[in-house]
1. Can you sort CYS37, CYS51 from fewest to most other Cβ atoms within 10 Å of each residue's own Cβ?
2. Rg(Cα) of the stretch 21-64 divided by 2.2 N^0.38 Å?
3. First select every other residue whose beta carbon is under 10 angstrom from the beta carbon of GLY14; then total the charges, Lys and Arg +1, Asp and Glu -1.
4. Could you give each residue of the stretch 14-24 its phi-based ³J(HN,Hα) in whole Hz, using Karplus coefficients 6.51, -1.76, 1.60 with θ = phi - 60°, and x for Gly or Pro?
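Read-outs throughout are calculated quantities, based only on the coordinates presented, and are distinct from any laboratory measurement. Keep in mind that what you see is a predicted model, and the values were worked out from it rather than measured. In this analysis, Cβ positions are derived from the backbone assuming ideal geometry, glycine residues included, and neighbour counts consider all displayed protein chains.
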Amino acid sequence: MKPDVDINGGRYPGAMNHLNKDLFNQWISLNVQSKFCLDIERLLTNPAKFCFEKPDHSYLADMLLRT
């Protein structure tokens, strides 16, 4: 994780936000095992914070990096 990433300030947003949250959650509930739904929601909302909170799952956030 880059040292300049502000995981609490929201300056590193993910793909999911307040405008599309319902659409993402519908897809998540249909396509993701229930035990992983919250992790996927957190990963899509703020991947940097997810990596910080769950370092053993941090490799998942790499797929969301912008190139």
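1. Details: CYS37 14, CYS51 20.
The order, fewest Cβ neighbours first, is CYS37, CYS51.
2. Numbers: Rg = 10.3 Å, N = 44, 2.2 N^0.38 = 9.3 Å.
After normalising by residue count via 2.2 N^0.38 Å, the value is 1.11.
3. +1
4. Ordered by residue, 3J(HN,Hα) equals x, 6, 8, 9, 5, 7, 10, 4, 4, 5, 4 Hz.
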